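Everything on this sheet refers to the single structure shown next.
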Amino acid sequence: MTAIGSDAVLTAFVLFCRIGGCLMLMPGFSNQRVPRNVRLFIAFSVTLALTPLLSGEIEKNISGIAPVALTRLFLSETLIGTLIGFLARIYFGALETLGGVIAMSIGLTSALAGPIEENEPLPAISTMISLTAMALIFFTDLHWEVLRGLGASYSALPVSGLFDARFDLVQVSDCMTKSFLVSLRISSPFIVYALIINFLIGLAGKLAPQIPLYFITVPAVVAGGLLLFYASCEPFMQIFNAAFSAWLADG
């Protein structure tokens, strides 16, 4: 049996720095409802699975490397992995934010539900949207695309021990732009609905100020918002899933 040398152990650890940093923030894998030891086991398993495929080039870079440079390499790989996971989380953060806008537009901000990805309760509509989007990662096999992207990241960002902050800030800025545009596209029908309904209620209130129209129309506003959500939930989840899938494939 061939003995495992120190270079093989260092190679696996270098891979674990990027993979573990990514899965630490990647939606679905980093969910707080998954026990920490399970998340750690997943990161170890993925690292060991990818080590035979990626170890050749990395071993050349760490062979005979100085301790200071090796420490810098560990830090750089961890930051790169964290950046990849953070970019994915931006998409879900934008969806969660606009989910709050949807809840406010249809008058359901007071109905709070337990947190899914965050530590604070969110409106029930926002929580349901976030949970559905996270479940779609696994239902549509995008979690395999995450692992493929991790492997491909070593071609786009080779192991060099250098963390390019300017390049990473550009990536964060582009990802925030794309994610919020997608989320705004999803929530736009509800924003238009809220503008029209509030304009009509305000106009009617001016015409009949003695009648408390706001309190009378709240049930109708909520019912209309829920009907709109029922009619549009499938298309907008498809739009978000397609946008996230395109980012995983191209990013």
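Readers should treat all values here as calculations from the given coordinates under stated rules, not as data from a laboratory. Here the structure is a predicted model, which means the values were calculated and not measured. Because the Cβ atoms are built from the backbone with ideal geometry, glycine has one as well, and the counts that use them run over all protein chains shown.
Quick notes on this one:
- Taking the longest Cα principal axis of the chain as reference, the axis of helix 124-139 is set at about 40 degrees.
- What the phi angles of the range 79-91 give under the Karplus curve with 6.51, -1.76 and 1.60, with θ = phi - 60°, is a coupling list of 5, 5, x, 5, 4, 4, x, 5, 4, 5, 5, 4, 4 Hz, glycine and proline written as x.
- Here the contact order of the chain, divided by its residue count and restricted to Cα pairs under 8 Å and six or more residues apart, works out to 23 percent.
- Dipole magnitude of the chain, debye to nearest 20 (Cβ charges: Lys/Arg +1, Asp/Glu -1, about Cα centre): 340
- Amide H contacts under 5 Å for LEU122, placed H, 5+ residues apart: ALA113
- Mean residue ellipticity (222 nm) of the chain, computed from DSSP H runs ≥ 4 via -39,500 (n - 2.57), nearest 500: -28500 deg cm²/dmol
- Using a Förster distance of 51 Å, the FRET efficiency for ALA231-LEU207 (Cβ separation, nearest 0.05): 0.95
- Nearest-ten-degree value, helix 213-250 long axis tilted from longest Cα axis of the chain: 20
- If you take the Cα centroid of the range 187-224 and the Cα centroid of the range 34-63, the two points sit 55 Å apart.
- Global geometry of the range 6-250, whether rounded, prolate or oblate, following the gyration tensor of its Cα atoms and the 1.5 cut on a/c: prolate
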